[in-house]
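Written below as structure tokens is the structure these notes are about.
The values are calculated or read from the model by the stated rules, or taken from the named source; none is laboratory data. Nothing here was measured: the structure is a model prediction, and the numbers come from that model. FYI the Cβ positions are ideal-geometry reconstructions off the backbone, even for glycines, and counts take in every protein chain you see.
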Amino acid sequence: MSDLQETMIPVLIDVQETPNPLVRKFALGRSVTGSFDTVELVDFAQSRKISDFGAELFEYPETKRVFLGRDFVSVMVQTETSWESFSPLVLSKISEYLSANKPFVKEGVSAESKEDEAEVSPEDRVVVQQIKDLIEDRVRPAVARDGGDIIFRSYHDGIVYLVLKGACAGCPSAQATLKNGVERLLKHFIPQVLEVRQAS
């Protein structure tokens, strides 16, 4: 038996349904994005610059979006796609990358798609930092469990604007999550917050 065979660890991928019926989360239990936070891939052209894995998934016409979380992959499919037939293809591609120890994000590329944050006025800096801290500590881990992400975009006149990614983008329950979850949380801890809206 070779040294490689002795050190191989079986790959366990947990496939999870999400609140968005078009998205499945593939939890890997190990780093996917490496030094990057998260990476959202929206088409083949963008993917081939950033992620061979994403580009290979976009070769399937069923693929609509690919989201690479810290330790998971979320895939959004076209509306007519059956997960029963497509899920094994995604699992096979993930297994191929894991077993060959291929990176999901190309090394040496800038995959960060930093959302343009609006400039913060000096009087709002403390409030904005509190908002960002709550989103980072309480909101992002919760939505990551459902295969998505929420990013702060701006704060103006008591209104917080957020960007939805991964399974959250296009999810039928996204507005309920923003209003009943995120808005309620932010208003509870930060009285200056009056409303939360999805950034366009």
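Listing for the model above:
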quantity	calculated
Residue ID - surrounded by the fewest Cβ atoms within 10 Å (Cβ to Cβ), chosen from residues in the stretch 14-23 that are closer than 12 Å to Ala167 by Cβ and in contact with a strand residue (DSSP E or B) (Cβ under 6 Å, 6 or more places away or on another chain)	Gln16
Some residue of the stretch 134-154 being farther than 26 Å from Asp71 by Cβ and surrounded by 12 or more Cβ atoms within 10 Å (Cβ to Cβ)	yes
Count of the stretch 163-180 residues which are under 22 Å from Arg24 (Cα atoms) and either over 18 Å from the mean Cα position of the chain (by Cα) or in a strand (DSSP E or B) (or both)	5
Search result, residues across the stretch 52-87 that are surrounded by fewer than 17 Cβ atoms within 10 Å (Cβ to Cβ) and over 20 Å from Val143 (Cβ atoms)	Asp52, Glu59, Tyr60, Pro61, Gln78, Thr79, Glu80, Ser82, Glu84, Ser85, Ser87
Filter result (out of contact with any Phe, Trp or Tyr (no Cβ under 6 Å at 6 or more places or on another chain), in contact (Cβ under 8 Å) with a residue 40 or more places away in the chain and within 18 Å of Asp52 (Cβ to Cβ)) within the stretch 31-41	Ser31, Thr33, Gly34, Phe36, Thr38, Val39
Residues that are over 10 Å from Thr38 (Cα atoms) and of a type in the set (Gly, Ala, Ser), drawn from the stretch 59-75	Ser74
The stretch 136-156, residues that are touching a residue at least 40 places away in the same chain (Cβ under 8 Å) and either touching a helix residue (DSSP H, G or I) at 6+ places or on another chain (Cβ under 8 Å) or not hydroxyl-bearing (Ser, Thr, Tyr) (or both)	Arg138, Val139, Ala144, Asp146, Gly147, Gly148, Asp149, Arg153
Options Ala27, Ala45; residue that is surrounded by fewer than 14 Cβ atoms within 10 Å (Cβ to Cβ), among the small types (Gly, Ala, Ser) and at pLDDT 90 or above	Ala45
